[in-house]
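To start, the structure under review is shown below, and the notes come after it.
The values are calculated or read from the model by the stated rules, or taken from the named source; none is laboratory data. For clarity, every value in this text was computed on a predicted model and none was experimentally measured. Here the Cβ positions follow ideal geometry from the backbone for every residue, glycine too, while neighbour counts run over all protein chains shown.
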Amino acid sequence: MFALRTGWSLTPNRLSKLLEEHHQQGVQVLDLTESNPTRCGFDFDAGEILRALADPRSMIYEPDPRGLLHARQAVASYYAERSIHLDPAQIFLTTSTSEAYSYVFRLLANSGDAILVPRPSYPLFDFLAGLNDLDLIPYPLAYHDGWRIDLERLASSLNSTTRKARAILVVHPNNPTGSFVTRDELQSLLKYCRDSELALVVDEVFADYAFAPDDGRMGSHAGVSDVLTFTLSGLSKISALPQMKLAWVVVNGPAETLRQAQARLEIIADTYLSVSSPLANALPVMLESRRDLQPQILERTRTNLNWLDAHLSPSLPISRLRTEGGWYAVLKVPATQADEDCAIELLSRDAVFVHPGHFYDFSSNGFLVISLLPPPEVFREGIRRLSVRIARRA
């Protein structure tokens, strides 16, 4: 009696089951996957954030499919600081980037159409595509002293598919590889989009968290108007407020295509009217709070990353793959067992929780993904235990 699109396996994987058993038994686990900033000891101005939710304007219902104008103006100001000048009409507020994806997918694609997505990358795309009756066409990120889009294989995937491709999706920086889209890569992506009548969909939730100055990477794609472009972001990462459930999509492109996209998106958004007035009214204050939170997070991620590099001596059979930004790091370990078996061994024997690479669709074994957000004392002890275990198995 249920839709085929919800026919997921509901059985927890072995790693999740073991983690739950540890929690039930009171085992103190060193969680090296923790990516919830509200649980990582950062200093939030809770009073100011909560006061913003009590704005008296929220007692008046003024529905706007795009979201309240002054909230969208605050988002436009955020991009103006990056020298990108937007009309607030190009901005649509959503409750999450997941909802923003659904808006865009519903706008662009019919049932059975396809979206090109990077691999490795975040597994959420599989669920979002399924819920929107779409197929995914993966294209690889290749590692050669840094992660880059394999443009030749992307073009090959695009040319060989029998499915109707509607968009190329990029994550900037990618999760978990931390690789930004370069300006040169963007020019190739724009050519593919023009030649094949594709839209460009860009997830920029981690874009403010670069580890080093600009070295040829794109800033934000919100100003890209060569092709129909959708840029997604939100408070979850920008202001480290995932519990507030407020995001947006910026629409840009050639004038006539942009006009049609905005008109159709407005009907989609008007159907749901999902963003509440209290959140929309509080958005300017919450967005401004990033000025206090982002330096804390950047200090934490850089501190943990620098310590990790100092700890991984040449004598250890572990290396850290290059990353350019975001909240994660990828470790290369000897592929003596499946990544999931390695993660299970670390959890069962050392009470250290990491993500196996296959969770992110790495093409081979020998990869573990860790978060850079945990407090330094947790991060360091977890890495020490991990190092000992991997060295024993090498």
Self-check item: Cβ-Cβ under 6 Å pairs, at least 6 apart or on other chains, segment 279-294 side within 25 Å of Asp64 (Cα to Cα), far side of a type in the set (D, E, K, R) and surrounded by fewer than 18 Cβ atoms within 10 Å (Cβ to Cβ)
Solution: Asn281/Asp55; Asn281/Arg57
Self-check item: Gln28 vs. criteria surrounded by fewer than 11 Cβ atoms within 10 Å (Cβ to Cβ), closer than 30 Å to Val378 by Cα, in contact (Cβ under 8 Å) with a residue 24 or more places away in the chain and outside the structural domain of Gly223 (by TED's automatic domain parsing)
Solution: yes
Self-check item: Leu186 being surrounded by 20 or more Cβ atoms within 10 Å (Cβ to Cβ), in the same structural domain as Pro140 (by TED's automatic domain parsing), closer than 18 Å to Ile137 by Cβ and in contact with a strand residue (DSSP E or B) (Cβ under 9 Å, 6 or more places away or on another chain)
Solution: no
Self-check item: Meets criteria (surrounded by fewer than 18 Cβ atoms within 10 Å (Cβ to Cβ), in the same structural domain as Phe230 (by TED's automatic domain parsing) and either closer than 23 Å to Asp203 by Cα or β-branched (Val, Ile, Thr) (or both)) for Ile91
Solution: no
Practice problem: For segment 191-227, name all the residues that are of a type in the set (A, V, I, L, M, F, W, C), under 15 Å from Ser83 (Cβ atoms) and part of a helix (DSSP H, G or I). | Solution: Ala222
Exercise. Only one of these is outside any strand (DSSP E or B), over 27 Å from the mean Cα position of the chain (by Cα) and of a type outside the set (Asp, Glu): Arg380, Arg385. Name it.
Key: Arg385
Quiz item: So Ser83 clears everything in (1) closer than 30 Å to Arg217 by Cα; (2) buried (at least 16 other Cβ atoms within 10 Å of the Cβ) except one condition, right? Which one?
Solution: (2)
Self-check item: Single match in Glu324, Glu340 (criterion: at pLDDT 95 or above and farther than 22 Å from Leu18 by Cα)
Solution: Glu324
